[in-house]
Amino acid sequence: MNSFTLTQATAIDEALRDKASHDNSAYLGGGTNLIDLMKENVARPTHLTSLHKLPLSQIERAPDGGLRLGALATNAETAYHPEVEKHYPLLSQTILAGATPQLRNMATNGGNLMQRTRCYYFYDLATPCNKREPGTGCSAIGGYNRIHAILGASEQCIATHPSDMCVALAALEAVVQVSGPDGERRIKFEDFHRLPGERPELDNTLQPGELITAVDLPEKGFAKHFTYLKLRDRTSYAFAAVSVAAALELDGNTIREARLALGGVAHKPWRSKEAEALLVGRPATVETFRQAADQVVNGAVGQGSNDFKIELARRAVVRALKQATEMNYELDENAFLNSNP
């Protein structure tokens, strides 16, 4: 572990000033990802601004009638909050599909948005990685890339975003509240994370020194027809090979509104508005779901070891939409993989 200094901030303005006054500094929330990165020498901040005493752990009604999740509320507090369980069960289900109870008790909502890829080359200092050291190359391209992206990748990076929670937030059209040296601003969730393009070292659209203070959920939570399907190598404590957050509003058997977001397939939570538009006004049938699934994977590109993800994503979308329609939560991955929906 490299040496670093630490300041305990007690107010947002104090935290902003403290970080700005130190070069090579970082904010410290739950630390469940940052500390790992520091131990592996992937991240080397020389100063940390601790956020633990900031008043950002409340979960309360937002001014527009939705729900405001404090950035320092833990993932566990969020998943089990009565308002989340009642009005946003998709988010609760998604959080509980990720990590371990110990990590969910420590990890914060703001930190979940900020976590970095679990690409093995990113963590391996002996290999080139454009995300870790821009301009050195991407070892995953042409290498072993089973966990890597099939959508939205670039010649610079094919890493995937690891979060489960963020997939649900993308589907729910959350808004991220931030404070920074230039004041406060709101960022639509779809605009918060970046695709790699020519700058894979940039994971999000935060400006230098900005701090996430809250995540706002809109009033509509799709509490009647939803599901989060997570397909992974083992049934717990593993990142998604492919995951799908599906949320529907039905009028009888007709789809009136649809939300569809995928995890494990891109550099950011991948929302397919084209597939959503295809679903609207159509009957909630397997044939409709197959057409939407084809639209989701349109343009998907495998890199060799991860070619299987294209068909897996297609099947996962069909299964998730079917589960959301029927409210059937049986998540038997083996049965799914052996089926032909």
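Brief remarks on what is shown
- Of all the listed residues (82, 128), the sole one being in contact with a Gly (Cβ under 7 Å, 6 or more places away or on another chain), over 22 Å from residue 192 (Cβ atoms), open to solvent by 50 Å² or more (accessible area, probe 1.4 Å) and not aliphatic (A, V, I, L, M) is 128.
- When residue 271 is tested against (1) buried (at least 24 other Cβ atoms within 10 Å of the Cβ); (2) within 27 Å of residue 114 (Cβ to Cβ), just one condition goes unmet, and that condition is (1).
Listed here are the residues, each with its yes/no results for (1) in contact with a Ser or Thr (Cβ under 7 Å, 6 or more places away or on another chain); (2) in a strand (DSSP E or B); (3) surrounded by fewer than 17 Cβ atoms within 10 Å (Cβ to Cβ).
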site: 191; (1), (2), (3): yes, no, yes
site: 196; (1), (2), (3): yes, no, no
site: 222; (1), (2), (3): no, no, no
site: 233; (1), (2), (3): no, no, yes
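- Applying a threshold of 8 Å to beta carbon distances and a minimum spacing of six or more residues, or different chains, the list of pairs starting in region 141-163 at a residue that is without any contact (Cβ under 8 Å) to a residue 60 or more places away in the chain and ending at one that is of a type in the set (Val, Ile, Thr) reads 155/141.
- Flag if residue 49 is closer than 21 Å to residue 206 by Cα and touching a helix residue (DSSP H, G or I) at 6+ places or on another chain (Cβ under 9 Å): yes
- Tally, over region 16-45, of residues that are open to solvent by less than 70 Å² (accessible area, probe 1.4 Å), over 16 Å from residue 213 (Cβ atoms) and in contact (Cβ under 8 Å) with a residue 12 or more places away in the chain: 13
- Residue in region 100-113 that is surrounded by fewer than 17 Cβ atoms within 10 Å (Cβ to Cβ) and within 24 Å of residue 153 (Cα to Cα) present: no
- Only residues that are among the hydrophobic types (A, V, I, L, M, F, W, C), more than 23 Å from residue 148 (Cα to Cα) and assigned to a loop (DSSP other than H, G, I, E, B) were counted across region 87-133, and they come to 1.
- Pair list, Cβ < 7 Å and 6+ apart or interchain, from region 306-326 residues that are at pLDDT 95 or above to residues that are open to solvent by 10 Å² or more (accessible area, probe 1.4 Å) and assigned to a helix (DSSP H, G or I): 314/294; 318/286; 318/290; 322/286
- Residue, surrounded by the fewest Cβ atoms within 10 Å (Cβ to Cβ), within region 238-267, restricted to residues that are under 25 Å from residue 300 (Cα atoms) and of a type in the set (D, E, K, R): 257
- Here is the figure for region 99-138: residues that are closer than 18 Å to residue 239 by Cβ, within 13 Å of the chain's Cα centre (by Cα) and at pLDDT 95 or above total 8.
- Residue in region 85-95 that is under 17 Å from the mean Cα position of the chain (by Cα) and surrounded by fewer than 17 Cβ atoms within 10 Å (Cβ to Cβ) present: no
The values are calculated or read from the model by the stated rules, or taken from the named source; none is laboratory data. Everything numeric here is computed off the predicted structure, so don't read it as measured data. For neighbour counting, all protein chains shown are included, and Cβ atoms are generated from backbone atoms with ideal geometry for every residue, glycine included. Only protein heavy atoms, including side chains, enter the accessible area calculation; ligands, DNA and RNA are left aside. Shrake-Rupley method; radii C 1.70, N 1.55, O 1.52, S 1.80 Å.
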